[in-house]
1. Taking B:I312 and the conditions (1) surrounded by fewer than 17 Cβ atoms within 10 Å (Cβ to Cβ); (2) out of contact with any Gly (no Cβ under 8 Å at 6 or more places or on another chain); (3) modelled with pLDDT under 95, which numbered condition does it fall short on, given that it satisfies the others?
2. Looking at this structure, is A:R113 within 8 Å of another protein chain (Cβ to nearest Cβ), of a type in the set (K, R), part of a helix (DSSP H, G or I) and under 22 Å from B:L57 (Cα atoms)?
3. Of all residues in the range A:124-139, how many are more than 8 Å from chain B (Cβ to nearest Cβ), part of a loop (DSSP other than H, G, I, E, B) and within 13 Å of A:G84 (Cα to Cα)?
4. For the range A:98-108, does any single residue satisfy the condition of being modelled with pLDDT of 95 or more, at the interface with another protein chain (Cβ under 10 Å from one of its Cβ atoms), in a helix (DSSP H, G or I) and crowded, with 18+ Cβ neighbours inside 10 Å?
5. Looking at (1) within 14 Å of chain B (Cβ to nearest Cβ); (2) in contact (Cβ under 8 Å) with a residue 40 or more places away in the chain; (3) assigned to a loop (DSSP other than H, G, I, E, B), which one does A:D95 not meet, given that it meets all the others?
6. Please enumerate the residues belonging to the range B:293-309 that are surrounded by fewer than 20 Cβ atoms within 10 Å (Cβ to Cβ) and not hydroxyl-bearing (S, T, Y).
7. Among the numbered criteria (1) facing chain B (nearest Cβ under 10 Å); (2) crowded, with 16+ Cβ neighbours inside 10 Å; (3) closer than 21 Å to A:H141 by Cβ; (4) out of contact with any helix residue (DSSP H, G or I) (no Cβ under 6 Å at 6 or more places or on another chain), which single criterion is violated by A:D80?
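The values are calculated or read from the model by the stated rules, or taken from the named source; none is laboratory data. In this text the structure is predicted, and so the values were computed from the model without any measurement. Here the Cβ positions follow ideal geometry from the backbone for every residue, glycine too, while neighbour counts run over all protein chains shown.
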Amino acid sequence: MRRKIYLLVALIVLGTAIGFAQSNALIDQVLGQKKVGFSYATYLVLSAAGIIKDTATPEQAIEALKQQNWGISVPEEPTDISLGKYAYLLMKAFDIPGGLMYKLIPGPRYAAREIAYLGFVTENPSPYRSLSGEEALQILHNALAWKEGQK
Amino acid sequence: MKTKKTLLSIILIVVGATFLYSFDFGVVIDNSSSYSSKEGEGFIQENNAHLWLNLPLGKSWVFNASVMGTFSTDEDKPVLFADIETLSLKGTFPHLENGANLFVLELGRFFHKEFSGFVFAHRMDGVRMEFGYPSSTLQIALGYTGLLNKYYTSLVMSKLDALDDLDKDILLAPRRLIGTISLSIPEIFARQNLNFSILVNEDLRHLFEDVIKEGKETFDPSSGGLVDTQYFGVGLDGPISKGLFYSAFFYLGTGRMLTFVPDSQSNTGEAYLYKQILSGLGGLSVRYYLEEFFQSVASVQILYATGDSDSISYIEGNRSGNANMFLPISGNALGTAFQPKVSNLFATELAYSLKPFSGVKGFILESLQAGAKLTPFFKPSKGAMSEGEVDPAAGAGYLGTDLAVFANLRPFSDLGLGASLGFFLPNKSAFLPGKDDPIVYGQFVFSFSF
């Protein structure tokens, strides 16, 4: 419970600083997910990047993602997101440059390597594994802090 | 037919497990091109490839494997050689109810080091257990080094180890059993961390081949005995003030070494006897981080390792009485052009580095780190040290100074570059005649992972 409060506070404080606020209800749902859903992860990343409003729904986030032309295949049915695909979303949404291999072959594999190198993810950086809602929020928190540090 | 079916089943299980769980794999290639003006060295290029696999098995276990291969121009090594770098199964079990709140078990081939890194830092085959308590961590490890490819090791401690190292027909490293017990107490007071470590190094060579037995009355230059050592260490590290950190440690070295000494009970008046090793190694380093000024780091590191005034060589060189030269198993060294082991040595390293483009975000040279190191070396007592060019008959005193500049750059997360240039100016009176030339050393390294 303390970790949940910490994450919420960290996100709200950081969110206020950069001009966005996540819906608490949605964050609660994400925190409760052992394997975070693709649409929820998309909502988190796109709203944090200011591409969609924080009042949008996960379904609207998916529609917005389809319009981005990032080359990310969007699943037709509700499904979990892998760490690699989540990393790839972050790379695209926050314009993270990536390594040489990412520049040559952009995709989830080298996106996961990049976020591990930047320290956003500290546990197993396998691009094929799933991640919990709590971990997804923690990674997003680290990505936002990194983006702030680039200014 | 049955063997083929079994093999196929194993392959299917491994492949199935690989895809069932969240595995990851990759390749790292690195190159080192170096030049040393030291006699017998010259230009050496080594190209390495490492293929690694990381396979989580369920919630608690991870299987790690890595193989490495090398293409080398070093005349002391084969052109091509390879080894299993790591091969281990690691289980992590948090929240146990037996007092420890974390238990980690690792079986197989892994890299292991004691807290200072100056006595033992090497791969070995064995088992490692870690018990995490609320206020401390206890680690116990036991490993064997005799299955490692010798061209990737630095474990020479005895005369027979040294002879095997020169023999191109011998592929494996010295057969040693290494045991360590370490206790780490973080933030015991004022954010200071306390470490204790006991290491035991048991030479197992006598189980596989003949060695000189104690009591032999004639000198045999073509063979040698066993070198068994133990180390008892304590270390303290932590912050002193904002940006200022230190670490200090001391190891007491004990053990036994075969020595050919005068013996009144011998028919020849001399005999091989095992003599006690009693030695010490101490270190102190202070580092100051100045983030605001181009991420600068200034540091001073002092090392003192005891010597033995009657020792005539680094390997089994004791001539009488106890062997007082500190003998590490395998560990770090100071210097760039001149890199003696921590035996009969007093060294002070002054270093400074900065990242001149750290403030230019997104610039390709943002990660560039450049620095310089100045390391005066001294011999604290008469006798031998690891570098054969040093005159064992020369008394305690100044050996020379190693001056080095270096630069490291990681323009992309998967590409690393490094260069270093070192120059050693010897004190000629401490070196053997004809072996007292200055040493120039240069190295360029790059690594790429995918």
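1. (2) is the only condition that B:I312 fails.
2. yes
3. As a first pass, look at the range A:124-139 and keep what is more than 8 Å from chain B (Cβ to nearest Cβ): A:131-139.
Still in the running and part of a loop (DSSP other than H, G, I, E, B): A:131-132.
With within 13 Å of A:G84 (Cα to Cα) added as a condition, the list becomes A:131.
Summing the residues that are more than 8 Å from chain B (Cβ to nearest Cβ), part of a loop (DSSP other than H, G, I, E, B) and within 13 Å of A:G84 (Cα to Cα) in the range A:124-139 gives 1.
4. Yes: one or more hits.
5. (2)
6. Across the range B:293-309, the qualifying residues are B:F293, B:F294, B:Q295, B:V297, B:A298, B:V300, B:Q301, B:I302.
7. (1)
This table checks each residue for (1) surrounded by 15 or more Cβ atoms within 10 Å (Cβ to Cβ); (2) closer than 26 Å to B:G283 by Cβ; (3) touching a residue at least 24 places away in the same chain (Cβ under 8 Å).
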residue	(1), (2), (3)
B:H95	no, no, no
B:F103	yes, no, yes
B:D125	yes, no, no
B:P186	no, yes, yes
B:L194	yes, yes, yes
